Amino acid sequence: MRILITGGAGFIGSHLCDYLVARGHDVIAMDNLITGNPDNIAHLIGNPRFRFIQHDVTNYIYVEGPLDAVMHLASLPSPVDYVNLPIQTLKVGALGTHKALGLAKAKGATFLLASTSEVYGDPLVHPQPEEYWGNVNPIGLRGVYDESKRFAEAMTMAYHRYHGVDTRIVRIFNTYGPRMRLNDGRVVPSLVSQALRGEPLTVHGDGMQTRSFCYVSDLVEGIVALLFSKEVNPVNLGNPDEHTILEFAQIINELTGNKAGIVFTEGRPEDPRQRRPDITRARTLLGWEPKVGLREGLTQTIAWFKERLARP
Ligand code: UDP
């Protein structure tokens, strides 16, 4: 297949490029490099199955030749980024999705939207099944991200229903692994780099808020399984192994041997209190199940960050 991946130089996008190129597909990665990093795809440059196009997908997307799939991963998924870059966050979720859908329609390609657990907002239902409609404040600091993704899902379904485009929606829960940006402000890069520098880990609020962390290789397998399925309805992908952020910080200190402990810092506004995917649909429809445990995945991630931090 010939596949376009928007956000292809990003964290998840670049792992997806690797996975698909390794399985014999032709991959075009598109990225404006606002938060994507050319280092993530440097090893693919020169591979005849791979091409990189630097482009901002909020503008008209032109790609020469046929496409079998358009996978729209371009996004600013870090809460720190979407507070600092609120307009770009809204634009890539809304206008970028519209452009990517238009391209898929023109090429007769399958369209896959990378959506998010943030569509559930600060959830009142736990764990979160796909049927839950969410609890989102449209004008809150997270609204720019959450609402753009909710709009993106609505737009995707409209292209499916009105134009007959073959579409998929994956709701991605917290994912971690090598190639996360050191300074993206999310909990894994923040705490792991603090631990490796021997600093105390900054836990926001009381640390009792929960998250469930999925290792990136598991997620990529799930996304590809969904692409090759026939499922049009949204599918949650994530690891249901739920921890408080305090527990999570303690595990990172243990695995890195960091003796500097933990400091509690001011809580983030509207930080969701709990999050865990109900993955029954992915299990049943895709036969998908995360395989990499938290300690195993963190050990690999820590090794990668260690090597990164040691670079000049
Ligand atoms: N968090 C933290 N310390 C940090 C960074 C994040 O305690 O240095 C918390 C954050 O407040 C949230 C959780 O970790 O409760 C996950 O945050 P992240 O930014 O990774 O993404 P989110 O799941 O909120 O989108």
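Applying the selection to the range 279-288, what residues are within 17 Å of the chain's Cα centre (by Cα) and either assigned to a loop (DSSP other than H, G, I, E, B) or among the aromatic types (Phe, Trp, Tyr) (or both)?
ILE279
Being small (Gly, Ala, Ser) and within 9 Å of the ligand (Cβ to nearest atom) is the filter here; which residues of the range 187-219 pass it?
Correct list: SER190, GLY205, GLY207.
Just to be sure, is ASP278 open to solvent by 40 Å² or more (accessible area, probe 1.4 Å) and touching a strand residue (DSSP E or B) at 6+ places or on another chain (Cβ under 8 Å)?
Working: open to solvent by 40 Å² or more (accessible area, probe 1.4 Å): yes; touching a strand residue (DSSP E or B) at 6+ places or on another chain (Cβ under 8 Å): yes.
Yes.
Which residue pairs have Cβ atoms under 7 Å apart, sit 6 or more places apart or on different chains, and have a first residue in the range 38-52 that is within 14 Å of PHE11 (Cα to Cα) and a second that is of a type in the set (D, E, K, R)?
Pairs that qualify, where the first residue is within 14 Å of PHE11 (Cα to Cα) and the partner is of a type in the set (D, E, K, R), are ASN40/ARG179.
Yes/no matrix, rows are residues, columns are (1) open to solvent by 40 Å² or more (accessible area, probe 1.4 Å); (2) closer than 19 Å to ARG308 by Cβ; (3) of a type in the set (Val, Ile, Thr):
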residue	(1), (2), (3)
PHE111	no, no, no
VAL119	no, no, yes
ALA158	yes, no, no
LEU191	no, yes, no
ALA195	no, yes, no
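Give the range 223-255 a look and list any residue that's of a type in the set (Val, Ile, Thr) and within 15 Å of the ligand (Cβ to nearest atom), or say none.
Answer for the range 223-255, where residues must be of a type in the set (Val, Ile, Thr) and within 15 Å of the ligand (Cβ to nearest atom): THR244, ILE245, ILE251, ILE252.
If a residue has to be assigned to a strand (DSSP E or B), aliphatic (A, V, I, L, M) and under 18 Å from the mean Cα position of the chain (by Cα) to count, how many in the range 147-204 make the cut?
3
Of the numbered conditions (1) part of a loop (DSSP other than H, G, I, E, B); (2) open to solvent by less than 10 Å² (accessible area, probe 1.4 Å), LEU4 fails exactly one; give the number of that condition.
So the condition that LEU4 fails would be (1).
The values are calculated or read from the model by the stated rules, or taken from the named source; none is laboratory data. Keep in mind that this is a model prediction, so the values were computed, not measured. Positions of Cβ are backbone-derived with ideal geometry, glycine not excepted, and every protein chain shown enters the neighbour counts. To get the accessible areas, we keep the full protein, side chains included, count just its heavy atoms, and leave off ligands, DNA and RNA. Shrake-Rupley method; radii C 1.70, N 1.55, O 1.52, S 1.80 Å.
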